[in-house]
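Every read-out reported here was derived from the displayed coordinates using simple, explicitly stated rules and does not represent laboratory data. Every value quoted in this text rests on a predicted model; they were computed, and no experiment measured them. Reconstructed Cβ throughout: ideal geometry from the backbone, glycine too, with neighbour counts over all protein chains shown.
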Amino acid sequence: MADIEYLVPDPLVAEEFSVTLMTIWRWDQDDAKCALGWPPKIKIGTRNYRNRSKLEAFKDNVLRRALDERDLGGVESGRTFDKVVSCRHPFAREHWLLTLENTIDIA
């Protein structure tokens, strides 16, 4: 069975990221966001949509960059971030789930 690609309308994308539609438009113009994988809009009629799998990839990239920047800043948390897990129904409200693996330094 082929994988189905879901399209999410921009108003729901804005709600998911807790931003306005104007911010979504600004992100479309922002080269830094595009470098992180911000998905291009898909225009159908007068409405804009985003590909669900590309939105998830963007979230993962943003989270990984934030964790890398935090770790480079010298923060010693004693944890490693093993993987990022996204569990959701395509049209449900979004929740980010971060799987943490605790590490113990025995020295």
Looking across the stretch 1-11 at residues that are of a type in the set (A, V, I, L, M, F, W, C) and out of contact with any Lys or Arg (no Cβ under 9 Å at 6 or more places or on another chain), the single one that is surrounded by the most Cβ atoms within 10 Å (Cβ to Cβ) is Ile4
Those residues of the stretch 21-46 which are touching a helix residue (DSSP H, G or I) at 6+ places or on another chain (Cβ under 7 Å) and either hydrophobic (A, V, I, L, M, F, W, C) or within 15 Å of Leu7 (Cβ to Cβ) (or both) amount to Leu21, Ile24, Trp27, Leu36, Trp38, Pro39, Lys41
